[in-house]
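Trainee: Would you mind keeping the following structure in view while I ask a few things?
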Amino acid sequence: MKHDKSGVRPVDEAAARLQAELHAVTGRTAPLTTAAAEQAWRAYIRFARQCFATPATPDADSLLFEYGTFALDGPPAFTLDLSRQFEVEDEDGEHDHYVQVHCALRYAPAPGLRTLGHFGSWFVFGSDGDVDRWAHEVRSQAVWKTVRDHEPTTIAISQERV
């Protein structure tokens with residue numbers, strides 16, 4: 001998988017681009033069905049192929065796949081989070097902060113989901129790794145078979161400064 005270099009986009013458009021990819025995959029903005037995780041993954045991979053204006057530093061653009069049961073903003077919920085992190089520099093070319101774009105699928109805390117525990121895996125563009133290999137490893141996780149039997153309660157796309 002390679003970045004689409006035909007149009008480098010500003011980082012502040014990232015959440016809107018991910019939302020557009022989710023809409024393109026599903027034909028709607030909130031696919032609350034048992035197929036939601038698969039649809040969100042396809043949209044996320046399409047989003048990962050897009051190139052954004054980031055510094056030429058080793059950790060400037062990365063992908064994160066993680067899941068687990070968390071109580072972030074309410075009662076515990078199983079969350080499957082597909083994120084992308086961009087480095088942002090100040091006017092002097094020094095690291096200022098990161099921007100994270102998330103596609104979070106939240107599920108009721110069913111026993112089958114809770115037994116999956118917690119997992120996280122990063123991929124950094126420009127590293128010696130292969131993003132296609134990383135994506136294949138992520139897709140081999142047991143979580144995909146388990147969430148297939150559950151409908152998310154929410155799907156939220158967000159962008160935050162960290």
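Trainee: Using 0.36 nm times the number of residues separating THR57 and PHE119, minus their current alpha carbon distance, what extension gain do you get? Provide the component values of the computation, followed by the final result.
Mentor: Details: separation 62, 0.36 × 62 = 22.32 nm, distance 2.63 nm.
Length gained, THR57 through PHE119: 19.7 nm.
Trainee: Shifting gears a bit: How do 47-53, 120-126 rank on mean C-beta neighbours within 10 Å, highest first? Don't jump to the answer; show the numbers that get you there.
Mentor: Values: 47-53: 18.1, 120-126: 15.6.
The most tightly packed comes first, giving 47-53, 120-126.
Trainee: On full extension of the chain, what length is gained from PHE70 through GLN141, given 0.36 nm per residue of separation minus the C-alpha to C-alpha distance? If you can, show how the numbers build up before the last one.
Mentor: Working: separation 71, 0.36 × 71 = 25.56 nm, distance 1.89 nm.
Stretched fully, the PHE70-GLN141 segment lengthens by 23.7 nm.
Trainee: Still on this model: If one computes P(r) from the Cα atoms of the chain, what percent of pairs lie at distances over 19 Å?
Mentor: Details: 7130 of 13041 pairs.
Looking at the chain, the distances longer than 19 Å represent 55 percent of pairs.
Trainee: For the peptides 71-80, 36-45, 146-155, 85-94, what is the packing order when you average, over each peptide's residues, the other Cβ atoms within 10 Å and list the highest mean first?
Mentor: Details: 71-80: 15.1, 36-45: 20.7, 146-155: 16.8, 85-94: 12.9.
Output ranking for 71-80, 36-45, 146-155, 85-94: 36-45, 146-155, 71-80, 85-94.
Trainee: Continuing with the same structure: State, to one decimal in nm, how far the label point of ARG161 lies from the label point of ALA16, with both points 7 Å from Cα in the Cβ direction.
Mentor: 1.9 nm
Trainee: Label ASP132 and VAL8 with points 7 Å out from Cα along Cα→Cβ: what is the distance between them in nm?
Mentor: Inter-label distance under the simple model: 2.5 nm.
Values in this text are rule-based calculations from the coordinates and carry no lab data. What you see is a predicted model, and the numbers here were worked out from it, not measured in a lab. A quick note on method: Cβ atoms are made from the backbone with ideal geometry, for glycine too, and the neighbour counts reach across all protein chains shown.
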